[in-house]
Structure formats: structure tokens, C-alpha cells
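A short write-up of the structure that comes next.
The values are calculated or read from the model by the stated rules, or taken from the named source; none is laboratory data. The structure presented is a predicted model; accordingly, all values stated were derived computationally and were not measured. Note: ideal-geometry Cβ built from the backbone for every residue, glycine included; neighbour counts use all protein chains shown. Keep in mind that these areas ignore ligands, DNA and RNA; they rest on the heavy atoms of the full protein, side chains included. Shrake-Rupley method; radii C 1.70, N 1.55, O 1.52, S 1.80 Å.
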Amino acid sequence: MSFSDEEIRQLDAIIGHYPDRRAAAATAMRVVQARRRWLSDDALADLGEYLGVTVAELDGIATFGNMVFRKPVGRHIVLVCDSFACWSLGYAELRAAVEAELGVGMGQTTEDGRFTLLPIVCLGACDRGPAMMVDDHLHGPVAPDQVAEILGGYS
Amino acid sequence: MSSRPGLPGSSAEDRPFTRAMRADGRPATLDDYVAAGGYEGLRRAVAELKPPEVTSLVTESGLRGRGGAGYSTGRKWSTMPLGPDAPRPKYIVCNADEMEPGSFKDRFLMERNPHLLLEGMLLAGFATEADEGYVFLRAQYDASYAALQGAIGEARERGYLGEDILGSGFSFDIELHTSIGRYICGEASAMLNALESQRPNPRARPPHMTGAGLFSRPTVVNNVESYMAVPAIVRHGVDWWKGLSITDEGGTKIFGVAGRVANPGCFELPMGVPMRELIEVHAGGMLPGYALRAVSPGGASTSLVGAHEIDVPLGFATMGEVHSRLGTGTLVILDDQTCPVGMTLNMMQFFAQESCGWCTPCREGLQWMAALLEDIEYGRGRPGDLEVLAEGTWFMESDKCFCDLAPGATQPLESALRLFPEEFARHIADGGCPYRRHSSDAPAAEAPAAEAPVLEGTT
Ligand SMILES: Cc1cc2nc3c(=O)[nH]c(=O)nc-3n(C[C@H](O)[C@H](O)[C@H](O)COP(=O)(O)O)c2cc1C
Ligand code: SF4
């Protein structure tokens with residue numbers, strides 16, 4: 001098993017929040033992903049062994065959720081809200097500005113591994129639309145000419 | 001009514017949801033919260049009331065679920081088994097998924113007033129003799145998570161949470177759970193599967209969740225705002241709560257306005273406030289150069305309300321008069337320069353993408369409807385398409401689908417066809433969209449909107 005002592009410590013801590021090891025699987029995936037950024041086949045196999053869950057069950061959850069990454073992603077995740085509220089407030093312009101700044105399209109990672117750009121359903125920030133998130137920071141409303149400065153803050 | 005919440009001269013006490021919030025926008029601390037009368041409801045309950053009496057207060061208050069469906073909160077609680085023979089542990093689950101497009105009140109509430117949620121869940125736990133609470137948060141609500149985590153730490157330290165709360169013998173604790181992300185996880189039974197780390201398809205009912213819910217134990221699931229309403233009801237009583245509203249539904253509510261208005265945001269106002277007042281007074285009215293064409297009143301699964309109907313009072317009963325629902329009570333405004341067909345397409349693409357795939361009308365039908373709308377928007381529409389769309393809404397009524405996602409998905413479409421028939425017809429007749437701002441997710445290279453100048457008021 002490839003988990004570090006720190007990962008084992010964190011996994012054991014969250015397992016204690018659920019009645020059994022199996023029920024901790026979704027949160028356990030998030031814990032491992034938070035440290036490794038994405039879940040490789042090996043990581044999933046190790047997690048299955050540690051929790052007593054089959055890899056197929058884990059992948060059934062992983063592929064259902066849009067925030068579990070089964071492929072490598074960049075150091076920062078950029079989410080551009082595509083809800084109808086942001087759409088009506090300038091989503092198309094914001095998305096175009098982000099894509100131009102990063103030089104990649106939706107679902108892609110910049111060559112330097114800095115950013116992965118993903119679509120996201122409503123961020124619950126309609127009153128601040130058009131909105132985007134970079135990692136755990138919400139930005140909004142974002143004018144297209146503010147994109148370069150915002151993204152420049154993430155190395 | 002000079003003391004109406006939201007108007008000058010009203011007292012802070014009449015704003016139970018926002019009263020403890022700090023002016024600097026940071027989460028209210030335990031001290032802020034207690035200074036604003038916080039945890040008095042819990043103190044009263046554990047000292048003076050029996051569990052079923054708390055449930056009775058909530059039932060008599062008329063409180064209805066604020067996650068969209070509007071079911072009586074007290075009646076739901078009253079179906080939880082009580083007494084020494086009830087299965088244990090029993091659970092209180094808070095639905096903080098808020099992924100429905102156009103819903104933006106729970107984030108505001110949790111980021112600014114986290115202790116109010118804890119107290120509401122504690123009272124639900126006391127009323128139903130539950131043992132354990134979970135807050136199910138959507139993946140992107142990091143700020144809400146941090147605010148709640150801080151509040152839980154403070155509450156445990158000061159004896160409001162954990163063993164033997166305030167020396168009363170009542171024990172209850174709350175854990176935070178972050179979703180792996182998918183709209184269907186907000187459907188209450190799918191949420192329980194997600195919490196158990198099962199694949200989050202909805203569950204068949206019966207059994208009802210209060211009989212066999214999380215880990216097959218009795219479980220109450222309510223929305224963030226529903227729990228947050230309870231502390232003031234327990235503290236000040238049913239008559240006070242009923243006196244807050246304009247209509248007879250009781251209380252205040254967090255309403256929101258987004259779109260091209262002067263002052264978008266969330267506002268605590270009495271239940272029954274007219275939609276027009278919310279938009280024109282509290283949200284400052286439309287920005288210069290824009291006119292209101294329609295309103296999505298409470299999330300993408302509520303029917304659009306036309307400009308001629310906005311004098312409707314915002315309440316559960318009254319919204320039916322304009323063929324819609326209160327939903328989450330957060331308004332998104334469709335202005336006269338935004339394409340109603342394009343907006344409907346955006347919503348339908350969302351629902352098609354988020355279908356969990358369990359039942360056929362939803363899994364297959366929503367894709368078809370989205371594809372048809374896309375054809376109409378991009379100039380490939382044909383005569384007869386509108387009839388097919390209208391028929392499709394029939395196929396997705398609730399008696400034909402396993403959960404409410406698909407029936408909800410048809411509501412904006414059905415209402416757009418009813419309110420804007422000439423817009424749809426014009427798209428078909430003229431071979432595409434006449435508006436500049438219309439393409440929801442065409443690739444950037446092809447998107448005409450990407451080159452269009454930014455409209456007045458976007459920055
Ligand atoms: C597809 C779908 C998504 C939902 N999402 C949410 C949500 O994010 N938050 C919420 O409170 N209720 C949501 N609901 C409603 C819940 O199923 C349930 O009615 C609600 O959590 C009950 O709480 P309440 O009675 O306090 O409103 C959703 C329902 C469906 C069908
Ligand atoms: S209606 Fe849609 S979301 Fe609901 S169970 Fe059926 S396929 Fe899943």
C-alpha cells in the first residue's frame with residue numbers, strides 16, 4: 001500500500017466520522033485527492049483495500065461525481081459557472097477570456113501543469129455573476145479584462 | 001405596517017435570519033450570535049419543553065420546507081419514531097447542496113450565520129430525539145465549510161454541542177460532509193445514498209426517510225433555511241412568527257435577486273412580499289437600458305413568471321396563481337436583451353447533463369429536448385418542433401419519472417413556450433437567434449457572442 005503515514009492518519013480521522021469504513025469512501029477519496037490532486041488506478045486500489053470496498057464500487061462513485069478526478073489535473077482548478085444566471089450576465093465573454101488567457105479549452109490542462117479549466121453548474125453566486133472559482137476562491141462579477149490579473153495570482 | 005422587516009424602522013428582532021450577521025461580512029462568531037439572542041431557543045427547549053412540544057410549535061408556525069418543495073417541516077418531524085423503542089441512532093441531515101441554477105441563499109446564510117444552522121439542527125435533534133447530524137455541503141462551498149467548521153468548534157467548546165448539552169442530558173453532535181458533486185445529490189434520498197458512499201441515485205419511497213433513512217435509521221432531511229427558521233419560532237413563539245409575514249404563511253424568508261438590476265443580492269423580507277417590491281425597491285430596479293421580460297422565481301425548476309405578473313406576493317400559495325412555485329425564492333431576471341430560447345436551452349442542457357440516468361424518460365428525453373432546443377436556437381429548427389417539445393413535457397410528468405428532476409426540468413420550458421410563443425416561432429421562421437447574447441456553450445471559436453461588445457452594465 002502506498003499511503004504515507006500522514007495519509008493514513010487523515011484517513012483514520014475521517015473514518016471515525018462515519019458508522020463504518022465503507023461509508024467513509026466518498027470522503028476518503030476527497031482526502032487522498034486533496035494530497036495527490038487526482039486518483040490514479042493504484043490509489044483507488046489501495047483505497048479499496050484500506051476501506052474493504054471493491055474498486056468497482058469506488059469507481060462507481062468516482063465517475064458519478066464531477067469533483068473526483070481520475071486523470072491528472074493542474075495545480076489549480078478553474079471553474080467557470082455556466083448557469084443561466086451567469087449565462088445571461090456574460091458567461092460567453094468570460095469563458096472566452098479565460099480560454100484565451102490559458103490557451104486551453106474546457107476540460108484541458110495548461111502545458112505547464114498550472115491550471116485545469118472545467119465547466120461548473122451554478123456556483124450559487126448568481127448575484128455576483130458572471131462568476132468563476134479558482135481552487136476554493138470565488139470571484140465575481142468578473143469582467144473579461146480582469147481575468148489575467150486574477151489568474152496571475154496563482155503560481 | 002411600519003415595523004415590517006426590511007423597511008426603515010423595523011427592529012432587528014424581526015429579522016431572525018440575518019440579525020446576528022456582522023457588518024464586515026465575516027461569519028458571526030458565537031459571541032456575536034449569543035449577543036443577538038442566539039441559542040435562546042435551544043435553552044428554552046431543553047429547560048421548558050418536551051420534544052413533541054417543539055415539533056408542535058414548528059407545525060403550528062406553518063413553516064414549510066425552503067429547499068423548494070414546501071412540505072410542512074413540523075409534520076415531517078412528527079413522523080419520526082420517539083421513545084425508548086425507536087431505532088437508533090437517529091439522524092438529522094441538512095441539505096446544503098444548493099446546486100440548482102438560480103439558487104443562492106443557503107451559501108449566504110451559512111457563510112454569514114453558521115451558528116443559526118447549528119441551533120436549528122440541534123432543535124430538530126431535540127424534537128426528534130436524534131443522536132447525530134450531518135450537513136451535506138456541495139463541493140464548491142469551501143467558505144461555508146470553513147464558517148461551519150469554526151462554529152462547530154466554538155459550540156463544542158462552550159457546551160452547545162456534544163455530550164450533555166447545557167447540562168440538560170441531551171447529547172447531539174454535527175459532522176460536515178462535502179459532496180463529490182452532482183445536482184442529483186440534492187434530491188433528499190439520493191443525498192442519503194451519497195452520505196453512505198453509495199452511488200447517488202434516488203431511492204424508492206416508501207419507506208419514508210423518517211422511518212428508514214440514513215443507514216436505514218429514522219432520518220429527517222431539511223434545507224438550510226428550514227432549520228434556520230426554527231430557533232426564533234421556539235424562542236418567540238408561533239404568534240410572533242405568524243405576525244412577521246404579509247400573507248398568512250408566517251415568518252420572514254431570504255429572497256434574492258440576480259440579473260441586470262442595480263443592487264443584486266439576498267434580502268430578508270416578510271413572506272408574501274410582492275415580487276415587484278423585491279425587484280424595484282430592494283434590488284433597486286432594472287439597470288438603465290434594460291427592461292424586465294420575465295422572472296425565474298426560485299431556481300431553474302420553477303416556471304418563469306411574465307413581466308405582467310410580477311405583482312404576485314411571494315408565497316407558497318400565491319405563486320400558484322401565476323402558474324409557478326416559490327421554489328427557493330431567489331429570483332433571476334430575464335431582461336429584454338437576452339434570448340428566452342437561449343436561456344431555456346441553457347437550463348435544459350443543465351438538466352440533461354445532470355440526469356442521473358436511472359429512468360428512461362429523463363435519461364433519454366431530456367437529451368432530446370435539449371437537442372431540439374439547440375436546433376431551434378442555431379437555425380436548424382423545423383415546423384412541428386414546438387409541438388414535439390410540448391409533448392415532451394407531458395412525457396416527463398412526475399407519474400412517469402422516478403424523481404422530481406425531470407418534471408422540474410420541464411417547468412421552465414413549458415412556461416417559456418407559454419410566455420414567448422412568438423420568440424420560438426421567430427427562431428424557426430428566421431433560421432436562428434436574433435439576439436447577440438444567445439449562445440450558451442458553443443465552442444469559443446464559433447461563438448458570435450464572444451466577439452460582441454460587452455453590453456452596458458456588465459462590469
Ligand atoms: C434534483 C433535485 C435536487 C434538489 N436539490 C436540493 C438542494 O440542493 N437543496 C435542498 O434543500 N433541496 C433540494 N431538493 C429537494 C429535496 O429533495 C428535499 O425536498 C428537501 O431537501 C427537503 O427539505 P425542506 O423540506 O426543508 O425543503 C432537490 C430535489 C430534487 C428533485
Ligand atoms: S428522473 Fe432523472 S434524475 Fe430522477 S431518477 Fe429518473 S433519471 Fe434519475
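Observations on the model:
- Percent of C-alpha pairs per 20 Å bin, the protein assembly as shown, short to long: 20, 55, 24, 1
- Base-10 log of normalised Debye intensity for the stretch B:340-432 (one unit scatterer per alpha-carbon) at q = 0.11 Å⁻¹: -0.27
- Between amide H atoms placed 1.01 Å from N, distances below 5 Å from A:ALA143 occur with no residue 5 or more places distant or on a separate chain.
- Database remark: amide H of B:GLU175 closer than 5 angstrom to the amide H of B:GLY133, B:TYR134, B:VAL135 (H placed geometrically; neighbours at sequence offset of 5 or more, or on other chains; Pro and chain starts carry no H).
- Taking one quarter of the surface of the C-alpha convex hull of the stretch B:252-335 gives a mean projected area of 4.4 nm².
- Candidate cross-link partners of B:LYS90 among the lysines, defined by an alpha-carbon separation under 18 Å and a same-chain spacing of 8 or more, comprise B:LYS50, B:LYS76.
- The stretch A:5-64: C-alpha pair distances exceeding 14 Å, %: 48
- Pair-distance profile P(r), taking every C-alpha pair of chain A, with 10 angstrom steps and integer %: 11, 35, 28, 20, 7
- Pairwise centroid distance, computed over Cα atoms, of the stretch B:348-377 with the stretch A:124-144, Å: 27
- Share of pairwise Cα separations in the stretch B:44-131, more than 20 Å, in percent: 41
- Here, chain B is characterised by an Rg to Rh ratio of 0.98, where Rg is the alpha-carbon radius of gyration and Rh the Kirkwood radius.
- For the stretch B:11-29 and the stretch B:158-213, distance of Cα centres in Å: 27
- The stretch B:155-306: translational diffusion in µm²/s, Stokes-Einstein, Kirkwood Rh over Cα pairs, 25 °C, 0.890 mPa s: 128
- Here the 3J(HN,Hα) profile of the stretch B:226-238, calculated from phi with Karplus coefficients 6.51, -1.76 and 1.60 at θ = phi - 60°, is 4, 4, 5, 6, 6, x, 5, 5, 5, 6, 9, x, 5 Hz, Gly and Pro shown as x.
- In straight-distance terms, cross-link reach from B:LYS105 covers every one of the lysines whose alpha-carbon lies under 21 Å from its own, apart from those fewer than eight places away in the same chain; here that gives B:LYS253.
- Backbone phi angles across the stretch B:402-419, fed through the Karplus curve with coefficients 6.51, -1.76 and 1.60 (θ = phi - 60°), yield HN-Hα couplings of 7, 9, 8, 5, 5, x, x, 4, 7, 5, x, 5, 4, 6, 5, 5, 6, 7 Hz in residue order; Gly and Pro are listed as x.
- Rg [Å, one decimal], Dmax [Å, integer] - the stretch A:76-152, C-alpha atoms: 11.1, 34
- Among A:ARG70, A:ARG128, A:ARG35, the largest mean-square fluctuation in a Gaussian network model of chain A, built with springs joining Cα atoms closer than 10 Å, belongs to A:ARG35.
- The string of couplings for the stretch B:270-280 from the Karplus curve (6.51, -1.76, 1.60, θ = phi - 60°) is x, 4, x, 4, x, 4, 4, 4, 4, 6, 7 Hz, one whole number per residue in order, with x for Gly and Pro.
- Taken along the Cα-to-beta-carbon direction at a fixed 7 Å, the label points for B:VAL281 and B:ALA35 span 3.0 nm.
- For the stretch B:17-243, the Rg and Dmax computed from alpha carbons only, in angstrom: 16.1, 48
- In loop segments of the stretch B:71-166 as defined by DSSP, the trypsin sites (Lys or Arg not before Pro) with at most 15 further C-beta atoms inside 10 Å of their C-beta are B:ARG158.
- In Å², nearest 10: area of B:GLU129 left accessible to a 1.4 Å probe: 50
- One chain, two ends: B:GLN353 and B:HIS323. Fully extended at 0.36 nm per residue, the span grows by 8.2 nm beyond their Cα-Cα distance.
- Descending semi-axes in whole angstrom, ellipsoid equivalent of the stretch B:82-145, from the Cα gyration tensor: 27, 12, 9
- Rg/Rg_ref, the stretch B:25-89, where Rg_ref = 2.2 N^0.38 Å and atoms are Cα: 1.41
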